[in-house]
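The values are calculated or read from the model by the stated rules, or taken from the named source; none is laboratory data. All figures in this text were calculated on a predicted structure; none of them were measured in a lab. Here the Cβ is made from the backbone with ideal geometry for all residues, glycine too, and neighbour counts use every protein chain on show.
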């Protein structure tokens, strides 16, 4: 008994001692580590990156000067339109030129890059004491589900989220609270005008505000044959309880369910909204509908969080800044949903300045930079940034957080961009009346199943 | 002295740099493309590093790719209609300028403006004009009651292809006019004077003198426009990206998609090879069309004798 007490005391003392030692050493490390020292071996280097020309990258472009001043490492940022940014990287990686020291890419490309050996796993940098900032703890500082979905592949970390994107509902809050509109709406539909919480309400509200003779439209669909069409439809697909593949994570292959009854219903419903959309809706991408909203020509739409700033907060670019409201996508049988999408920092295997690139990425992930970027149109994956009072004041913060909490994964396997391409083509065919919803999704399912092979049988076989 | 030096074998040596350049930038890449068609090279999928697969890609193209054949037929229709309409309008305009308008230089300069624009610029201009929301073309069509409020040319599968053809005709008819007018101006006067002396009517002069004399020019213009139309890419890419659905997915757009969206470079090489093959066949056909009747076709002698 006594012995055990002594042993117990010894153990407790040891644990306390060890904890103190770890704490002290950790603190010493935290004090000892500095960006300037870590970057000293790479002083004079130039690191180059490429990404999509949108507010988050423009914000990074403004922030980089501080890093350059502190480290002596020059950062060159190339900005292109979405597809161009993806194509540039694909060519660079396959040519193994190493033009880019780190890249910013949509996470659906992850599988392609990883399985072809184009990326450097970041574990070796994260465990390198000289490079790793002890105060950087992505395991605690990031939304884990978003980080793992956007920047991990098959259990390995390849990057950090540049933007944790998702889509939610944009609507005109000023019109929603207009007493005349409220009373008129209630008289016609028998219930209060409020942000749509289900698809019937979404249709009613779109119909109510659809006034083409006045140049004002209930909604605006992104119907061009373009990735935008696929992304937009995914909100409806998930909300109706459907999906593309029956899998648990983006890096898995599984049965094809894109032609399920839920998927067909979601597509038919999606097309029904064309009646409240401008005539040119089949020629719109995200840029076009964003411009329409900025011009004050649309009541509501489903749109991206990284485009929200330019509409809701930028008074120079938007006629409706300060007049917007945001909410999670209306609910269908699938309940509350959102979609995980993100651009991620990645380090190519052919980069000649991998360490310097890692240091810059790590620095950008710090709370200060994330906050600054987020306030200028970014979409951070750090919960502490969302909790910041300045961010709480932003009109779309709550919608972003609510959607992030229920966001679903999408395929990131090597074939995922081809899956997207197949669906874009077929969805566009349906939207232009070339085929029925069932035919379009059946054709997609057959082609996707064939593309993926034995891991992706069709759960809803085509007769 | 110089002639003697060239006669002694120096002349071929002077051609070597040009030949090397052509080999490097034309012949080499072409054979590499053909070789790639026999491999499984795919930039996106792991394990497809360019292993030899024989005729697999060609088999896939022939037996298992309905979209390719849709694109192929769509492209042939596009070439047929735009070249036909451009030729008729261009020739008619050239005849008009040749016969009735003496000071045609200013008019010709004005006509050439669409042709001098970059295809990307043409696409963007027409994208604005055809916009369903604020496009001038759509506005007037609605005003005269041809379009309703929901009609959008670029979003309508049955209107979009004729619209793209119309734009091509707008852009390239001046080219046909220019070449045909140059041809008409270069024709000898004697056959026409002889025909008039013999009492030939204008239609007869056109049919029996002008057309036979213009045959090489006509063949040239059809060939150049045919090849160019077959490769049409920029305008379609800007205006529709191949959509809606696959209604404007012409062969060049489809090939681009296979190569630079799917990154299936081996199959993309086969698609590109097909484009080359068709252009080659077109060239041969036109060449034969020009020279097939050369022995018999001697309008100058026929009329004057």
Among the numbered conditions (1) away from chain B (no Cβ under 14 Å); (2) out of contact with any strand residue (DSSP E or B) (no Cβ under 7 Å at 6 or more places or on another chain); (3) over 25 Å from residue A:63 (Cβ atoms), tell me where residue A:125 comes up short. (3)
Out of everything in region B:93-116 that is assigned to a loop (DSSP other than H, G, I, E, B) and in contact with a helix residue (DSSP H, G or I) (Cβ under 7 Å, 6 or more places away or on another chain), what residue ends up being surrounded by the most Cβ atoms within 10 Å (Cβ to Cβ)? B:112
Any residue that is surrounded by fewer than 24 Cβ atoms within 10 Å (Cβ to Cβ), under 16 Å from residue B:152 (Cα atoms) and touching a residue at least 24 places away in the same chain (Cβ under 8 Å) - is there at least one of those in region A:276-292? yes
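Could you tell me whether residue A:320 is more than 13 Å from chain B (Cβ to nearest Cβ), over 22 Å from residue A:239 (Cα atoms), touching a helix residue (DSSP H, G or I) at 6+ places or on another chain (Cβ under 9 Å) and assigned to a helix (DSSP H, G or I)? Steps first, answer last, please.
Working: more than 13 Å from chain B (Cβ to nearest Cβ): yes; over 22 Å from residue A:239 (Cα atoms): yes; touching a helix residue (DSSP H, G or I) at 6+ places or on another chain (Cβ under 9 Å): yes; assigned to a helix (DSSP H, G or I): no.
It is false that residue A:320 is more than 13 Å from chain B (Cβ to nearest Cβ), over 22 Å from residue A:239 (Cα atoms), touching a helix residue (DSSP H, G or I) at 6+ places or on another chain (Cβ under 9 Å) and assigned to a helix (DSSP H, G or I).
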Could you tell me which numbered condition residue A:54 fails, if it satisfies all but one of (1) within 14 Å of chain B (Cβ to nearest Cβ); (2) in contact (Cβ under 8 Å) with a residue 60 or more places away in the chain; (3) within 30 Å of residue A:311 (Cβ to Cβ)? (1)
For a quick check of your reading of the model, give me the residue pairs whose first member lies in region A:405-420 and is within 14 Å of another protein chain (Cβ to nearest Cβ), whose second is crowded, with 24+ Cβ neighbours inside 10 Å and in a loop (DSSP other than H, G, I, E, B), with beta-carbon atoms closer than 7 Å and at least 6 apart or on different chains. A:411/A:244; A:419/A:244; A:419/A:411
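Can you go through B:160, B:209, B:169, B:179 and tell me which one is touching a residue at least 40 places away in the same chain (Cβ under 8 Å), out of contact with any strand residue (DSSP E or B) (no Cβ under 7 Å at 6 or more places or on another chain), within 14 Å of chain A (Cβ to nearest Cβ) and in a helix (DSSP H, G or I)? Before you say what the answer is, go through the steps one by one.
Working: B:209 fails: within 14 Å of chain A (Cβ to nearest Cβ); B:169 fails: within 14 Å of chain A (Cβ to nearest Cβ); B:179 fails: within 14 Å of chain A (Cβ to nearest Cβ).
B:160 is the lone residue from the list that is touching a residue at least 40 places away in the same chain (Cβ under 8 Å), out of contact with any strand residue (DSSP E or B) (no Cβ under 7 Å at 6 or more places or on another chain), within 14 Å of chain A (Cβ to nearest Cβ) and in a helix (DSSP H, G or I).
Is it the case that residue A:351 is part of a loop (DSSP other than H, G, I, E, B), more than 19 Å from the chain's Cα centre (by Cα) and either at pLDDT 90 or above or more than 14 Å from chain B (Cβ to nearest Cβ) (or both)?
Yes, satisfied.
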Return the only residue of A:442, A:433, A:421 being farther than 30 Å from residue A:113 by Cα, at pLDDT 90 or above and surrounded by fewer than 24 Cβ atoms within 10 Å (Cβ to Cβ). A:433
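To keep it simple, each residue is scored yes or no on (1) on the phi > 0 side of the Ramachandran plot; (2) free of Cβ contacts under 8 Å to residues at least 40 places away in the same chain; (3) buried (at least 20 other Cβ atoms within 10 Å of the Cβ); (4) more than 23 Å from the chain's Cα centre (by Cα).
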| site | (1), (2), (3), (4) |
| --- | --- |
| A:299 | no, no, yes, yes |
| A:303 | no, no, yes, no |
| A:308 | no, no, yes, no |
| A:312 | no, no, yes, no |
| A:315 | no, yes, no, yes |
| A:320 | no, no, yes, yes |
| A:323 | no, no, no, yes |
| A:329 | no, no, yes, no |
| A:338 | no, no, yes, no |
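Report yes if residue A:98 is surrounded by fewer than 22 Cβ atoms within 10 Å (Cβ to Cβ), within 14 Å of another protein chain (Cβ to nearest Cβ) and in a loop (DSSP other than H, G, I, E, B), otherwise no.
Details: surrounded by fewer than 22 Cβ atoms within 10 Å (Cβ to Cβ): yes; within 14 Å of another protein chain (Cβ to nearest Cβ): no; in a loop (DSSP other than H, G, I, E, B): yes.
Spelling it out, it is not the case that residue A:98 is surrounded by fewer than 22 Cβ atoms within 10 Å (Cβ to Cβ), within 14 Å of another protein chain (Cβ to nearest Cβ) and in a loop (DSSP other than H, G, I, E, B).
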Taking region A:43-63 as the region of interest, how many residues are closer than 12 Å to residue A:357 by Cα and surrounded by 21 or more Cβ atoms within 10 Å (Cβ to Cβ)? 2
Just to be sure before I move on: is residue A:306 within 14 Å of another protein chain (Cβ to nearest Cβ) and closer than 30 Å to residue A:85 by Cβ in the structure I sent? no
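Kindly provide the set of residues from region B:127-157 that are in a loop (DSSP other than H, G, I, E, B) and either under 18 Å from residue A:277 (Cα atoms) or at the interface with another protein chain (Cβ under 7 Å from one of its Cβ atoms) (or both), ordered by number.
Going residue by residue through region B:127-157, those that are in a loop (DSSP other than H, G, I, E, B) are B:131-135, B:144-152, B:156.
Those that are in a loop (DSSP other than H, G, I, E, B) and either under 18 Å from residue A:277 (Cα atoms) or at the interface with another protein chain (Cβ under 7 Å from one of its Cβ atoms) (or both): B:131, B:132, B:133, B:134, B:135, B:147, B:148, B:149, B:150, B:151, B:152, B:156.
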Here is a check on your reading of the model: is residue B:233 within 12 Å of another protein chain (Cβ to nearest Cβ) and either in contact with a strand residue (DSSP E or B) (Cβ under 7 Å, 6 or more places away or on another chain) or surrounded by fewer than 21 Cβ atoms within 10 Å (Cβ to Cβ) (or both)? no
Test set (1) surrounded by 12 or more Cβ atoms within 10 Å (Cβ to Cβ); (2) out of contact with any helix residue (DSSP H, G or I) (no Cβ under 8 Å at 6 or more places or on another chain) - residue B:179 fails condition number: (2)
Among the residues of region A:193-216, is there at least one that is in contact (Cβ under 8 Å) with a residue 40 or more places away in the chain, assigned to a strand (DSSP E or B) and surrounded by 23 or more Cβ atoms within 10 Å (Cβ to Cβ)? no
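Results for (1) within 14 Å of chain A (Cβ to nearest Cβ); (2) touching a residue at least 24 places away in the same chain (Cβ under 8 Å); (3) crowded, with 19+ Cβ neighbours inside 10 Å, shown as yes or no for each residue.
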site	(1), (2), (3)
B:248	yes, yes, yes
B:257	yes, no, yes
B:261	yes, no, yes
B:265	yes, yes, yes
B:276	no, yes, no
B:279	no, yes, no
B:284	no, no, no
Could you run through region A:60-114 and say how many residues are more than 23 Å from residue A:231 (Cα to Cα) and within 18 Å of the chain's Cα centre (by Cα)? 1
Report the residue count in region B:14-60 for those that are surrounded by 14 or more Cβ atoms within 10 Å (Cβ to Cβ) and under 26 Å from residue A:86 (Cβ atoms). 14
Residue A:370 vs (1) free of Cβ contacts under 8 Å to residues at least 40 places away in the same chain; (2) within 14 Å of another protein chain (Cβ to nearest Cβ); (3) within 17 Å of the chain's Cα centre (by Cα): all pass except (2)
Could you tell me whether any residue of region A:258-274 is in contact with a strand residue (DSSP E or B) (Cβ under 6 Å, 6 or more places away or on another chain), farther than 17 Å from residue A:326 by Cα, in a loop (DSSP other than H, G, I, E, B) and touching a residue at least 60 places away in the same chain (Cβ under 8 Å)? no
